[in-house]
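Report on the structure given below.
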There are 2 protein chains.
Amino acid sequence: MLDRDMNERQVIRMAHDMHSGDTERRILDSVRRLFAEKGYEKTSIQDILDDLGLSKGGLYHHFKSKEAILDRLNADEWAVTARLLDKLIERKDMSALEKLRVLIVSAVDAPDHLDLVRSQLALLKDPAFFTANMRFWSTRLPESFRSLIDMGVQDGSIPTAYPEEAAQLLSLLGNYWLMPCFYPADRAGMEHRIRCLATMLDAIGVPVFDETLILRTTEGLTALTPEEDTASA
Amino acid sequence: MLDRDMNERQVIRMAHDMHSGDTERRILDSVRRLFAEKGYEKTSIQDILDDLGLSKGGLYHHFKSKEAILDRLNADEWAVTARLLDKLIERKDMSALEKLRVLIVSAVDAPDHLDLVRSQLALLKDPAFFTANMRFWSTRLPESFRSLIDMGVQDGSIPTAYPEEAAQLLSLLGNYWLMPCFYPADRAGMEHRIRCLATMLDAIGVPVFDETLILRTTEGLTALTPEEDTASA
């Protein structure tokens, strides 16, 4: 089990390292921070240039617009999940249900991933970024869950009559409802919420949240509580 | 009937308010119809003026922008729900579960309400409007569901260990996941989705979707399919 986790971590790290160059990496790091601090709308191209000491041409060589940078931030995030998913789908030594669990663990229990999510919490308050994310969570991300759930219907590990609905709900509830930045909760509240989700998913034949995953998800998501909430708690 | 103590100034003021109320009512009726027919984005201020035979100044006296009119329509719409909720809470002849069903029926089965929702479908693509709605659905609306669910825990009709979670999910899933503009579905797909929701809510002790409500909700929400979808279907 530990070996498996190491493999997944390596996959995640590899994906992070695949940015095409130092400048691009610097631009993305800067923009992620600026978007989080000032909001997407209020961050100007000039702000980005000032922060990096870069010329307009230097920036436009990599990205044609602010929107293109945002798309790239989202695409990078997605690429990590997509690569992990591809690796998981190929494996013959696990049921689809176990693969789905690994995918969820990778989202809530990988320090790198959590750091990235944490850096985007403020950004999620920005309407343009939030709306783009919601759209992704309602359209493209469910397709990934769907492929694993269909495998589970085939191998009998996910005996559901609602594969499409389960895929949509895992994506929507996992990325929105479970997130303490949208629905504040302390640790106990988070565990209760995840037990509620587990009960509902069990009822539609998607028994992905066993006791271990409930507790790991609780820990991972509690760690995403925005700082102002923990400070005042 | 005039109060004897009312002075002339107050009478003039009252007359002005009454007249002002009439114009406002006329504006809101017109705009609601125009938004429903043409959609929010495609309705111009000039369309509204033409429809009412009103001057620009006459309109701006009441509303500073198209967005302000929409805010007002939303606030009015919410007030209708809030009043219905108050009335329902007072009734002694129904269980809390039955009251919750009435509330849901009023949202999916009232022609006026559906017209307003339909008129806003295009608008929900606007990031600012969408984000504001999502925030309302995750914060204020669940409070209303929560008051009824708590009553149901008391009277035994809603035997749930997850009152807060159920309130959040009814609001989020009912306003977002069930909506065909966000998650496209034909009639059969919509019914399947609602049966999935019914199964999940049953499992957490919130048996609100009985066979009747499943079918009424299916009809109401299928009618909200954006026109470009039905045209191409």
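The values are calculated or read from the model by the stated rules, or taken from the named source; none is laboratory data. These numbers come from a predicted model, not from an experiment. Reconstructed Cβ throughout: ideal geometry from the backbone, glycine too, with neighbour counts over all protein chains shown.
Before we move on, is A:LEU141 within 14 Å of chain B (Cβ to nearest Cβ) and within 19 Å of A:LYS87 (Cβ to Cβ)?
Numbers: within 14 Å of chain B (Cβ to nearest Cβ): yes; within 19 Å of A:LYS87 (Cβ to Cβ): yes.
Considered against the rule, which asks whether it is within 14 Å of chain B (Cβ to nearest Cβ) and within 19 Å of A:LYS87 (Cβ to Cβ), A:LEU141 comes out as yes.
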Seminar exercise, completed: The lone condition A:ALA128 fails out of (1) buried (at least 20 other Cβ atoms within 10 Å of the Cβ); (2) in contact (Cβ under 8 Å) with a residue 24 or more places away in the chain; (3) at the interface with chain B (Cβ under 9 Å from one of its Cβ atoms) is (1)
Exercise. Here is a list of conditions, (1) farther than 24 Å from B:ARG195 by Cβ; (2) at the interface with another protein chain (Cβ under 9 Å from one of its Cβ atoms); (3) out of contact with any Ser or Thr (no Cβ under 8 Å at 6 or more places or on another chain), and A:PHE182 meets all of them except one; can you say which number that is?
Worked result: (3)
Seminar exercise, completed: For B:ARG195, the lone unmet condition from (1) in contact with a Cys (Cβ under 9 Å, 6 or more places away or on another chain); (2) more than 27 Å from B:LEU73 (Cα to Cα) is (1)
Exercise. B:ARG140: under 30 Å from A:LEU123 (Cα atoms), of a type in the set (Lys, Arg) and surrounded by fewer than 17 Cβ atoms within 10 Å (Cβ to Cβ), yes or no?
Worked result: yes
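Evaluate region B:84-91: report whether one residue or more is in the same structural domain as B:MET179 (by TED's automatic domain parsing), closer than 30 Å to A:GLU41 by Cα and over 12 Å from the mean Cα position of the chain (by Cα).
As a first pass, look at region B:84-91 and keep what is in the same structural domain as B:MET179 (by TED's automatic domain parsing): B:84-91.
Those left that are additionally closer than 30 Å to A:GLU41 by Cα: none.
No, that holds for no residue.
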Exercise. Only one of (1) over 21 Å from A:PRO127 (Cα atoms); (2) touching a residue at least 40 places away in the same chain (Cβ under 8 Å) fails for B:ASP93. Which number is that?
Worked result: (2)
For this session: Select the helices (runs of 4 or more DSSP H) contained entirely in region B:185-233, then report the ones holding at least 1 residues which are more than 19 Å from B:SER157 (Cβ to Cβ) and at pLDDT 95 or above.
Result: B:187-203, B:211-222
Problem set entry | Among the residues listed as B:SER144, B:SER157, the single one being over 16 Å from the mean Cα position of the chain (by Cα) and not aliphatic (A, V, I, L, M) | B:SER157
Exercise. Do we have any residue at all in region B:47-68 that's touching a helix residue (DSSP H, G or I) at 6+ places or on another chain (Cβ under 9 Å), within 14 Å of chain A (Cβ to nearest Cβ) and part of a helix (DSSP H, G or I)?
Worked result: yes
Exercise. Out of all the residues in region B:135-145, is one or more in contact (Cβ under 8 Å) with a residue 12 or more places away in the chain and among the β-branched types (Val, Ile, Thr)?
Worked result: no
Exercise. Is it the case that some residue within region A:155-176 is modelled with pLDDT of 95 or more, over 23 Å from B:ARG195 (Cβ atoms) and surrounded by 20 or more Cβ atoms within 10 Å (Cβ to Cβ)?
Worked result: no
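What residue, of B:GLU191, B:GLU211, is more than 9 Å from chain A (Cβ to nearest Cβ) and surrounded by fewer than 17 Cβ atoms within 10 Å (Cβ to Cβ)? Full working, then the answer.
Working: B:GLU191 fails: surrounded by fewer than 17 Cβ atoms within 10 Å (Cβ to Cβ).
B:GLU211 is the lone residue from the list that is more than 9 Å from chain A (Cβ to nearest Cβ) and surrounded by fewer than 17 Cβ atoms within 10 Å (Cβ to Cβ).
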